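The values are calculated or read from the model by the stated rules, or taken from the named source; none is laboratory data. No experiment lies behind these values; they were computed from the predicted model shown. Heads up, the Cβs are rebuilt from the backbone with ideal geometry, glycines too, and the neighbour counts pull from every protein chain shown.
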Amino acid sequence: MLDLKALRRDPDAARAALARRGGTDAEAFDAVLALDERRRELLPQLETLRAEQNAANGEIAKAKKAAKASGDSSAADAAVATMRDVSARAKALQEELAEVEAGLAEQQARLPNLPHPDAPPKDSVLKTVGEPRIDGLGARPDGAPAEARDHLELAGAHRVDMERGARLSGSRFAYLRGDLVFLELALVQWALSKLRDKGHEAVIPPVLVREDALYGTGFLPDTEQQIYALPGDDLYLVGTSEVALASMHAGEILEVADLPLRYAGFSPCFRREAGAAGASDRGLFRVHQFDKVEMFSFVPPEDAEEEHARLLSIEEEILTELGIPYQVVDIAVDDLGASAARKFDCEAWLPSQQQYRELTSTSNTTDFQARRLGTRLKDSRAESARKPEPLATLNGTAIAVGRTIIALLEHGQRADGTIVLPECLAPFGAPRVLPAA
RNA sequence: GGAGGGGUGGCAGAGUGGACGAUUGCGCCAGUCUUGAAAACUGGAGGCCGGUCACCCCGGUCCAGGGGUUCGAAUCCCCUCCCCUCCGCCA
């Protein structure tokens with residue numbers, strides 16, 4: 001949600017910023033301005049009537065008492081009759097105002113966040129780290145791609161069982177089995193431990209949430225086609241624990257001294273992924289259910305960019321320690337989600353596809369989510385008490401388990417089909433080497 | 001799922017139609033006292049909207065949330081959410 005005061009102060013700047021996103025938000029934007037203005041006309045009128053009512057209430061109470069003593073209730077009756085009229089006018093105004101405010105809230109909810117001025121017009125690669133090759137297949141000096149097997153071949157149906165997954169639940173569902181389960185648990189435990197050491201409290205959140213949480217985080221009204229709903233219970237399955245983590249402090253006023261608040265959520269994620277499946281999305285790459293470790297931070301607004309860089313550096317550290325070559329992409333302004341002002345993706349090199357594919361992503365949502373969720377910040381110890389203000393929230397993927405497993409299998413593969421796994425995972429229960437399928 | 005009982009300020013807890021944004025206690029902040037602290041005493045302190053996006057001040061609003069009755073609602077009625085107790089069920 002955007003700050004109405006800021007929009008009023010400089011509508012043209014906001015309009016221009018929104019236009020960079022390329023969507024058709026102009027109508028909603030103009031509607032917001034118009035409804036806001038109407039609201040500001042009606043409100044003082046209603047308040048004047050209310051003040052009149054408040055003043056009269058005391059008089060009526062006195063008159064009633066006097067009437068009781070004297071037996072003459074004519075004065076009281078007259079006052080009540082007068083106020084009956086005022087009350088009716090107030091009620092009419094109130095109804096109109098409620099209508100305007102409902103419309104305003106609806107239009108306002110449709111507006112996405114203002115993009116960061118540095119968010120580029122097109123995806124732009126900021127850096128590339130690691131060699132796009134596979135050490136274990138080093139037999140050929142040119143590193144010819146033909147030899148690289150993809151993760152499904154490497155894992156085998158007894159470890160990534162798509163067929164039975166589909167039989168049970170439909171396409172894009174998988175059974176993860178055997179060694180790979182321990183690999184997942186090791187990845188998760190490794191990541192959560194690392195994040196704990198960096199000040200992120202581990203959290204296992206609910207994954208079924210109310211509609212409010214999805215509106216609050218900006219997933220509604222924007223990505224409804226991606227969200228599983230349970231209409232019988234008015235609940236939704238989250239596509240990311242970001243929803244639950246952001247909502248942890250909904251409606252709260254936080255203390256500056258308590259910031260930053262940093263979390264690491266571990267949860268399954270559910271996405272409908274409506275539409276045709278592409279060949280490059282086969283296997284675990286795009287499934288309806290996957291597990292993920294997600295970072296989430298609440299920081300003062302002025303620290304948001306620094307925190308964004310921090311989350312990105314953690315993502316890079318994780319990829320580096322796992323030995324996965326990657327590139328960092330500054331996501332195009334017209335490709336940001338509704339809540340993000342800026343987004344960086346880390347794309348891993350996938351040997352089987354000979355291209356970089358998204359593995360992790362980190363977004364600076366500035367005060368957009370905080371404003372929607374009603375999470376604010378105050379400083380009780382400040383010299384001059386200032387009003388609570390929205391703070392900044394940021395999120396970033398630590399480990400998207402399925403895709404990380406893909407990258408690990410493909411990069412660890414050797415000519416004989418066995419797979420070397422990163423050393424750092426061994427203490428957490430992962431095998432050093434997976435047998436060939 | 002069934003039957004009851006509840007939700008009031010940071011916490012505890014009064015208030016059941018008329019000056020209640022709300023008695024009181026604890027906690028918190030400041031001051032007086034003190035070498036310092038404690039105690040005691042005095043004072044202060046919420047959010048939101050608007051007047052003017054500052055301060056002060058003023059008006060409006062907020063007693064879980066929403067709607068209704070009334071000249072007037074913390075108080076009466078309806079709906080929703082949450083918590084507690086008992087029963088049932090269950091990883």
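Selection over the stretch A:310-359 of residues that are in contact with a helix residue (DSSP H, G or I) (Cβ under 6 Å, 6 or more places away or on another chain), more than 23 Å from residue A:216 (Cβ to Cβ) and of a type in the set (Ser, Thr, Tyr) gives a count of 2.
Figure legend. Inter-residue proximity from the stretch A:315-343: first residues among the polar types (S, T, N, Q), second residues in a helix (DSSP H, G or I), beta-carbon distance below 6 Å, spacing 6+ or different chains. Indicated pairs: A:339/A:368; A:339/A:369. Looking at A:296, A:344, A:368, which one is buried (at least 18 other Cβ atoms within 10 Å of the Cβ) and within 30 Å of residue A:154 (Cβ to Cβ)? Matching residue, one of A:296, A:344, A:368: A:344. So residue A:301 clears everything in (1) at pLDDT below 95; (2) touching a strand residue (DSSP E or B) at 6+ places or on another chain (Cβ under 8 Å); (3) buried (at least 17 other Cβ atoms within 10 Å of the Cβ) except one condition, right? Which one? For residue A:301, the failing item is (3).
Helices (runs of 4 or more DSSP H) wholly in the stretch A:176-284 with at least 1 residues that are among the hydroxyl-bearing types (Ser, Thr, Tyr) and either closer than 20 Å to residue A:395 by Cα or within 16 Å of RNA strand B (Cβ to nearest atom) (or both) - which ones? I'd like the intermediate steps shown before the answer.
Working: elements: A:179-197, A:211-216, A:242-246.
Of the helices (runs of 4 or more DSSP H) lying wholly inside the stretch A:176-284, those with at least 1 residues that are among the hydroxyl-bearing types (Ser, Thr, Tyr) and either closer than 20 Å to residue A:395 by Cα or within 16 Å of RNA strand B (Cβ to nearest atom) (or both) span A:179-197, A:211-216.
Considering only the stretch A:56-71, state which residues are within 7 Å of RNA strand B (Cβ to nearest atom) and of a type in the set (Gly, Ala, Ser). Those that are within 7 Å of RNA strand B (Cβ to nearest atom) and of a type in the set (Gly, Ala, Ser): A:56, A:58, A:61.
Selection within the stretch A:37-55: residues that are near RNA strand B (Cβ under 6 Å from one of its atoms) and among the hydrophobic types (A, V, I, L, M, F, W, C). The member of this set that is surrounded by the most Cβ atoms within 10 Å (Cβ to Cβ) is A:43.
From the list A:437, A:341, A:415, A:348, the one residue that fits, being in contact with a His (Cβ under 8 Å, 6 or more places away or on another chain) and closer than 29 Å to residue A:147 by Cα, is A:437.
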